[in-house]
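One structure below.
Rule-based calculations on the coordinates, nothing more; no lab input. It should be emphasised that the depicted structure is a prediction, and the values quoted were computed from it without experimental measurement. No Cβ is skipped: glycine too gets one built from the backbone with ideal geometry, and neighbour counts run over all protein chains shown.
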Amino acid sequence: MEATKELILADPKQIQTEYNEKAKAITVMLMDFQADYTIKAQTLAAEVKNITVNSKPTYDKCLAKVDETKILQKEIKGFIKPFKDLAHKVWKTFCKIELDTLSPFVTQESNTKQKAGKWFLEEQRKAEERARKERERLAKEAEEKARKERERLAKEAAEKQIEEAKKLYAEGQALEAEKTLERPVEVPDVIPDVVPRVEVENRAAGAGFSMVDNWKAIVIEIDQLDRRYMLPDMETLNRMAKALRGKNPPAGVQFVNEAYAKKASR
C-alpha cells in the first residue's frame with residue numbers, strides 16, 4: 001500500500017517516462033521470444049506436413065508431434081504468465097484507486113441529476129396538463145361553434161318551412177300547408193372543426209434535461225406471440241442432450257451426436 005501511495009504522489013510525467021523505457025525493453029524481449037517460437041512453429045508444421053500416417057510407427061510419430069506441440073504451448077504460457085499476472089495486478093490496483101476516487105463524484109452526480117430531474121419532470125407534468133386543458137378548451141370551443149351553427153341552420157330551416165306553409169295557405173292549400181308544418185325540420189349535420197395539435201411546452205426545456213422516447217416491448221400474452229419472436233433455450237436443450245445421451249428428446253427437438261477425436265493422456 002505504501003508503494004502504491006508513493007506511486008500516486010510521484011510525478012506523472014516521470015512515471016510515464018520510466019514506464020515507456022521499461023515497456024520498450026520488455027517489448028523488444030517479447031518480440032525476440034515471439035520470433036523464436038514462430039520459427040519453432042514453422043519447423044514443426046513442416047515436419048508434420050511430411051508425415052504420412054499409414055502405419056503404426058507413423059501414427060506414433062504423429063502423436064509424438066502432438067506431445068511436442070503441447071510442450072511448446074506450455075513453455076509459451078509459462079513464460080508469459082508472470083508478465084500477465086503482474087500486469088493484471090497493476091491493472092486491478094489502478095482500477096480500484098480509480099473506482100474509489102470516482103465513487104463519491106459518481107454518487108453526487110447521480111443525486112444531483114435526480115434532484116434536478118425531479119423538478120424537470122414536475123415541470124413536464126405541468127406542461128402536459130396545460131396542453132391537455134388547452135386541447136379541451138379548443139375542443140369545447142369547436143363543439144360550441146358547431147352547436148350554434150346547428151341551431152342557426154335549424155332556425156333557418158324552420159322559418160323556411162313556415163314561409164312555405166303560409167304560401168300554401170294563401171293559395172288555398174290548407175291540407176298541404178298542415179302537412180308542411182308537420183314535416184320534421186331537416187337540419188344538415190355540422191361536424192366540429194378539427195382541434196389543432198397542441199405542443200407540450202416545458203418551460204424548463206434547455207435547462208439540461210429533455211424528454212427522450214424509450215420504447216420497449218413487453219410480452220403480455222405468450223400464447224398469442226408469433227413463433228418468429230420465440231427463441232429456444234439451446235443451453236438447456238444441449239444439457240438435456242448430454243444428460244440423456246440422445247434419448248427421449250422433447251417434442252420438436254432432435255438430439256445429434258457430433259463426436260470428435262480426442263487424444264488420450266499418456
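Model label points for Tyr19 and Arg227, set 7 angstrom from Cα along the Cα-to-Cβ axis, are 5.7 nm apart.
For the cross-link pairs Lys24/Lys61; Lys113/Lys216; Lys13/Lys115, the ones whose C-alpha atoms lie over 31 Å apart are Lys24/Lys61; Lys13/Lys115.
Rg/Rh for the stretch 2-119: what does it come to with C-alpha atoms and Rh from Kirkwood?
On the way: Rg = 25.5 Å, Rh = 19.6 Å.
We get a ratio of 1.30 for the stretch 2-119.
Size descriptor for the chain, Kirkwood hydrodynamic radius: 31.8 Å (Cα pairs only, one decimal). A crude spin-label estimate for the pair Val185 and Tyr260, with each label 7 Å from Cα along the Cβ direction, gives 9.1 nm. Distance between the pseudo-spin-label points of Val66 and Thr27 (7 Å out from Cα toward the beta carbon): 4.0 nm.
Could you give the length gained on full extension between Ala251 and Glu163, defined as 0.36 nm per residue of separation minus the Cα-Cα distance, in nm?
Working: separation 88, 0.36 × 88 = 31.68 nm, distance 8.33 nm.
That pair, Ala251 and Glu163, stretches by 23.4 nm at full extension.
Using all C-alpha to C-alpha distances in the stretch 51-168, build P(r) with 10 Å bins and read off the rounded percent in each one. Histogram of Cα-Cα distances, whole percents per bin: 10, 11, 10, 10, 10, 9, 9, 9, 7, 6, 5, 4, 1. A Förster radius of 35 Å combined with the Cβ-Cβ distance from Leu237 to Lys216 puts the calculated FRET efficiency at roughly 0.80. Look at Leu168, Leu30 and count the other Cβ atoms within 10 Å of each Cβ; fewest to most, that gives Leu30, Leu168. Take Ala41, project a point 7 Å from its Cα along the Cβ direction, then tell me which residues of the stretch 66-109 have their backbone nitrogen under 11 Å from it. It comes to 73, nothing else.
Taking R0 as 30 Å, what's the FRET efficiency between Lys148 and Leu121 from their Cβ-Cβ distance, rounded to 0.05? Please list the in-between numbers first.
Values: r = 41 Å, r/R0 = 1.36.
So the FRET efficiency works out to roughly 0.15.
The packing ranking of peptides 155-162, 229-236, 90-97, 123-130, highest mean first, is 123-130, 155-162, 90-97, 229-236, where packing means the average number of other beta carbon atoms within 10 angstrom of each residue.
Counting neighbouring beta carbons within 10 Å and listing from fewest to most, the residues Thr112, Thr69 come out as Thr112, Thr69.
In summary, the lysines within cross-link reach of Lys145, defined as a Cα separation below 24 angstrom excluding same-chain residues under 8 places away, comprise Lys133, Lys155, Lys160.
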